[in-house]
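The values are calculated or read from the model by the stated rules, or taken from the named source; none is laboratory data. As the structure is a computational prediction, the values presented were derived from the model and not from experiment. As a convention, Cβ positions derive from the backbone with ideal geometry for all residues, glycine included, and neighbour counts pool all protein chains shown.
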Amino acid sequence: MDDQEFKKVIDEIGAVISAHQRFVLMSHVRPDGDAIGSVIALGFSLMAMGKTVFIINEDGVPESLEFLKGSEKVTTPPKDPLEVEVAIALDTATKPRLGDGSLHAASKAKIWLNIDHHISNPAYGDINLIDARKPATGQIIYELIKALGYPIPDETRDAVYVAVSTDTGSFQYGSTTAATYELGADLIRRGLNVGKINADTYDNHPYRRLELMRALLNTLQISDDGQLACWELLDQTRLDLNLQPDDSEGLIDMIRSVKGVRVAAFFEELHDGKIRVSMRSKDSGINVCNVATEFGGGGHALAAGIRMAGPLSEAKPKVLSALKQALASQ
Ligand code: 5GP
Ligand code: MN
């Protein structure tokens, strides 16, 4: 999507928002900072305009993001469908990743808006604002709010910052652009407390996360050529340490950061017997989204994920072999 198309679709979305009153905003299961930040950001802007807004997430707000102002407005989906006209999916690469409960709760909506930055998004909305050039859905929301002249209450300001900061590795990844830093500058001018919000986001982990890191380090493996590193989280470790789903968020960056490593993979046994795979590439020549897609997953070229059938002893060699092939063909 180029700039011209981006502006055109934003105007279409603006027309839908103007013409309706009742909205439900949703994002993907196992939400991260961009997923929760984006729904809070747009939700509170719409509420400041007098719209009726429901904000739901299949798994609710993870403990690590409860500090965000406005996060109490994000609930798990109600049992019965909501009386809404418009459903807005944010940061969600495929419709099923919203979760069955959220899809049911949104089932009375007659218009679907799909706003995302995943290249693998198949455009499942009636209107699709999918811009893979943007490092975070939060940046797309910010640009939309600015372009349409919508209000930016404090909840929106802080949520945009957390969405963008978490999806850019604290404004570090190559996807970060001048516009991303300008966004940060604008939010600071609007009163954002940088020190506090970064401390809340990054220096506020439960002790069990460190215990998890110790357990992961005990499973660390690296290929002979030093290019592929991985570790794994067993279901038993989750039980032993009483882990929450978001405790492992970002830990894969530790193995990605090793000198010589080009691809990092994180395997996790889920309680339903499935395996969750997180992958990171440090090399623009190695597209982990393509590998994820082979196994029914998706994401971005440099950060992608899969949920696949277990057991770990079968899933792991299959994925490692595909990653080795991607490395060899490079
Ligand atoms: P993470 O490894 O942080 O969970 O995810 C990295 C990226 O891949 C995110 O953008 C996420 O949305 C995407 N992703 C993770 N798991 C899946 C999955 O099971 N299916 C799809 N389509 N995308 C995923
Ligand atoms: Mn995102």
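For region 262-311, the tally of residues that are aromatic (Phe, Trp, Tyr) and touching a Leu at 6+ places or on another chain (Cβ under 9 Å) stands at 2. Figure legend. Inter-residue proximity from region 7-25: first residues assigned by TED's automatic domain parsing to the domain that holds Ala35 and at pLDDT 95 or above, second residues polar (S, T, N, Q) and outside any helix (DSSP H, G or I), beta-carbon distance below 9 Å, spacing 6+ or different chains. Indicated pairs: Val9/Asn128; Gln21/Thr52; Arg22/Thr52; Phe23/Thr52. Hey, among the residues in region 211-228 that are outside any loop (DSSP other than H, G, I, E, B) and touching a Leu at 6+ places or on another chain (Cβ under 8 Å), which one's farthest from Val258 (Cα to Cα)? Going through the qualifying residues, I end up with Glu211. Residue count for region 150-171 satisfying the condition of being part of a helix (DSSP H, G or I) and either of a type outside the set (Ser, Thr, Tyr) or buried (at least 24 other Cβ atoms within 10 Å of the Cβ) (or both): 13. Screening Ile275 with (1) more than 9 Å from ligand 1 (Cβ to nearest atom); (2) touching a Cys at 6+ places or on another chain (Cβ under 7 Å) gives one miss only, at (2). One residue stands out among those in region 33-47 that are of a type outside the set (Ser, Thr, Tyr) and touching a helix residue (DSSP H, G or I) at 6+ places or on another chain (Cβ under 6 Å): the one that is nearest to ligand 1 (Cβ to nearest atom), which is Asp34.
Counting only residues that are surrounded by 11 or more Cβ atoms within 10 Å (Cβ to Cβ) and under 14 Å from Lys146 (Cβ atoms), which one in region 186-198 is farthest from the chain's Cα centre (by Cα)? Here the residue is Arg190.
Can you confirm whether Gly138 is within 18 Å of Leu42 (Cβ to Cβ), in a helix (DSSP H, G or I) and either more than 12 Å from ligand 1 (Cβ to nearest atom) or of a type outside the set (S, T, N, Q) (or both)? Break it down into steps so the answer makes sense when it comes.
Details: within 18 Å of Leu42 (Cβ to Cβ): yes; in a helix (DSSP H, G or I): yes; either more than 12 Å from ligand 1 (Cβ to nearest atom) or of a type outside the set (S, T, N, Q) (or both): yes.
So Gly138 fits the description; yes.
Mind counting the residues in region 247-282 that are outside any strand (DSSP E or B) and under 13 Å from Leu312 (Cα atoms)?
5
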